[in-house]
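J.: Below are the structure tokens for one structure; questions will follow.
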Amino acid sequence: MDGSRGSKLLHCNLSGIINKSTANQEPRKAPTIMNRISRWKKAFLFALCGVMLSWLASCGGTPSNSPQSTTASGKQEIEFWTMQLQPEFTDYFNQLIAQFEQENSAYTVRWVDVPWADMERKILTAVSAKTSPDVVNLNPGFASQLAERNAWMELDQKVPADVKQLYLPNIWQASTLNGKTFGLPWYLTTRVTIYNTDSFKRSGMDKPPATYAELATAAKMLKDKTGKYAFFTTVVPGDSGEVLESFVQMGVSLTDANGKAAFNTPQGKTAFEYWVNLYKNGLIPKEVLTEGHRHAIDLYQRGDTAVLASGAEFLKTIATNAPTIAKSSASAAQITGDTGKKNVAVMNLVIPKDTDVVEGALKFALYVTNDSNQLAFAKAANVLPSTVKALQNSYFTTAPANATPVDTARIVSAQQMKNAEVLVPAMKNVKKLQKVIYDNLQAAMLDQKTVDQAINDAATEWNSQS
């Protein structure tokens, strides 16, 4: 058992059942019918308790909330969950929490860091059982699925207009669904184009591609001159949404106002043909059908690809794992389509509607995401802040005299925030939409369907589900 409030209470209740069922037993008598019934009841209670305790154990000690959130010191406890930020940022959060508690003496914060792979399962369990923490670090894509179930506190009437204006407006929209705000923006990452300058020089190119059209040309030149691929991106359903985002960058509307397919258009056909032609012409690796997005980093670090569309934070990983490749790596703006749109990935904070520390939870969430704390965390984690003032700090606008590749990438990624957005906004069943499109795109790549048939089948399948 862990020390969470809800688990403790349930454990106490179960202990009470066990104690009551075994206390004050009579001396042993001949087994009457009533005695047999009594023993059956006790056995049933023990079995019931065992099942419930086993269930609790199987939850991995999921931290939880309960109506009794006041600590022994009389302070209200705010339970705060993050996703896999320990141990690297333990000092940062301990200091942040200590400062918050000093400035807000009525509250104490209990920080629980949950492994990335476990967060969805744990928060789903907690929300279903109404034992949620008070503030949770998620992303808009997953959080929106629970927003559909009315799991989160609506913030439009809770956050004053002047406070809302502190955040980047295009990023604020990422945590809205059906016109209602369900989360506060926190830290951001946006893709940049990391490219191998040596590979480009050997292919006769002096600059990286800026558009998908230029990328296709670069892919042909690189393959012809070096035998290497330009890049890797996955079309495995349930993995990266980069290809789906490329549709939007190419001017494709994924769904209409009623949620029906809107990609079965001339623009949609062009986007389908783009990826199908690259595959059929051998200009992207065959593994795009089977490997996930992490394979892109492996290929780039091995020198098997010349372009990596990734966050600036991965430059440190490349420097550690492949120092030779890192020395020839440079950064440029994210590849886009005719729309000029740039991708951004958002992490946010949501507050379960069942929290019993409403004022404290909101106060803490706003504290974590204010200008000064976002700036401090962005510097520590090599990410971008989601507030206007923090992003205007010289750290994101001016490269130092001895700028490293990481410094350059940070400036490039920050500049992109002017026209960056969540390209696939929060919508119902977005994972199903991705799967429908990717499945049919794969079928066209493998010549199992024509492009026209693949698009029509995808639209039909999606419309039957939506």
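J.: I'm checking my understanding of the structure. Among residues of the range 288-333 that are in a loop (DSSP other than H, G, I, E, B) and closer than 22 Å to TYR438 by Cα, which one is least open to solvent (accessible area, probe 1.4 Å)?
T.: Ranking the qualifying residues of the range 288-333, first place goes to GLY292.
J.: Shifting gears a bit: Considering only the range 111-135, state which residues are free of Cβ contacts under 8 Å to residues at least 60 places away in the same chain, part of a helix (DSSP H, G or I) and open to solvent by less than 10 Å² (accessible area, probe 1.4 Å).
T.: The answer is MET119, ILE123.
J.: Note down all Cβ pairs under 6 Å where the first residue falls in the range 426-437 and is in contact (Cβ under 8 Å) with a residue 40 or more places away in the chain, the second is buried (at least 16 other Cβ atoms within 10 Å of the Cβ) and aliphatic (A, V, I, L, M), and they're at least six residues apart or on different chains.
T.: Final answer for the pair search is ALA426/LEU177; GLN434/LEU244; ILE437/ALA458.
J.: Further, regarding this structure: Run PRO285 past the list (1) closer than 25 Å to LEU244 by Cβ; (2) open to solvent by 30 Å² or more (accessible area, probe 1.4 Å); (3) without any contact (Cβ under 8 Å) to a residue 60 or more places away in the chain and report the number of the one that doesn't hold.
T.: (2)
J.: Filter the range 274-312 down to residues that are in contact with an Asp or Glu (Cβ under 8 Å, 6 or more places away or on another chain) and of a type in the set (A, V, I, L, M, F, W, C), then give me how many there are.
T.: So the count comes out to 1.
J.: A further question follows. Return yes when LEU366 is open to solvent by less than 50 Å² (accessible area, probe 1.4 Å), more than 23 Å from PHE93 (Cβ to Cβ), in contact (Cβ under 8 Å) with a residue 60 or more places away in the chain and under 24 Å from the mean Cα position of the chain (by Cα) and no when it is not.
T.: no
J.: Of all residues in the range 412-441, how many are touching a strand residue (DSSP E or B) at 6+ places or on another chain (Cβ under 9 Å), part of a helix (DSSP H, G or I) and either crowded, with 18+ Cβ neighbours inside 10 Å or small (Gly, Ala, Ser) (or both)?
T.: 7
J.: Kindly list the number of the only condition in (1) of a type outside the set (Ser, Thr, Tyr); (2) buried (at least 24 other Cβ atoms within 10 Å of the Cβ); (3) more than 24 Å from ILE97 (Cα to Cα) that fails for PHE182.
T.: Result: PHE182 passes all but (3).
J.: Tell me yes or no: at least one residue of the range 242-254 is farther than 21 Å from GLN465 by Cα, modelled with pLDDT of 95 or more and over 23 Å from the mean Cα position of the chain (by Cα).
T.: Yes, some residue in the range 242-254 is farther than 21 Å from GLN465 by Cα, modelled with pLDDT of 95 or more and over 23 Å from the mean Cα position of the chain (by Cα).
J.: So which residues in the range 160-191 are at pLDDT below 95 and within 30 Å of ALA219 (Cβ to Cβ), if there are any at all?
T.: Listed by number, the residues that qualify are THR189, THR190, ARG191.
J.: A further question follows. Looking only at the range 392-411, filter to residues that are aliphatic (A, V, I, L, M) and assigned to a helix (DSSP H, G or I); which one of those is least open to solvent (accessible area, probe 1.4 Å)?
T.: ALA409
J.: Give me the residue from the range 140-174 that is closer than 14 Å to LEU124 by Cβ and among the aromatic types (Phe, Trp, Tyr) and, out of that set, surrounded by the fewest Cβ atoms within 10 Å (Cβ to Cβ).
T.: Across the range 140-174, the extreme among qualifying residues is PHE142.
J.: Still on this structure: Can you tell me which residue is least open to solvent (accessible area, probe 1.4 Å) among those in the range 98-109 that are within 17 Å of ILE351 (Cα to Cα) and touching a Lys or Arg at 6+ places or on another chain (Cβ under 9 Å)?
T.: It comes out as TYR107.
J.: Could you list all residues from the range 334-359 that are assigned to a loop (DSSP other than H, G, I, E, B) and open to solvent by 30 Å² or more (accessible area, probe 1.4 Å)?
T.: Within the range 334-359, ASP338, THR339, LYS341, LYS353, ASP354, ASP356 qualify.
J.: Something else now. Whether any residue in the range 376-384 is more than 28 Å from GLY241 (Cα to Cα), modelled with pLDDT of 95 or more and of a type outside the set (Asp, Glu) is what I want to check.
T.: Scanning the range 376-384, I find at least one residue that is more than 28 Å from GLY241 (Cα to Cα), modelled with pLDDT of 95 or more and of a type outside the set (Asp, Glu), so the answer is yes.
J.: To continue, here is another question. Give ASP447, ASP452 a once-over and let me know the one that is part of a loop (DSSP other than H, G, I, E, B) and among the acidic types (Asp, Glu).
T.: ASP447
J.: Within the range 377-391, work out how many residues are in contact with a Pro (Cβ under 6 Å, 6 or more places away or on another chain) and open to solvent by 10 Å² or more (accessible area, probe 1.4 Å).
T.: Within the range 377-391, residues that are in contact with a Pro (Cβ under 6 Å, 6 or more places away or on another chain) and open to solvent by 10 Å² or more (accessible area, probe 1.4 Å) number 1.
J.: Mind listing whichever residues of the range 256-276 are open to solvent by less than 40 Å² (accessible area, probe 1.4 Å) and either over 29 Å from ILE297 (Cα atoms) or among the polar types (S, T, N, Q) (or both)?
T.: Selection gives GLY259, ALA261, ALA262, PHE263.
J.: Can you name every residue in the range 195-235 that is open to solvent by 30 Å² or more (accessible area, probe 1.4 Å), closer than 24 Å to TYR438 by Cβ and of a type in the set (Val, Ile, Thr)?
T.: THR211
The values are calculated or read from the model by the stated rules, or taken from the named source; none is laboratory data. This is a predicted model, so every value here is computed, not measured. As a convention, Cβ positions derive from the backbone with ideal geometry for all residues, glycine included, and neighbour counts pool all protein chains shown. Surface accessibility is based on the protein's heavy atoms, side chains included, excluding ligands, DNA and RNA. Shrake-Rupley method; radii C 1.70, N 1.55, O 1.52, S 1.80 Å.
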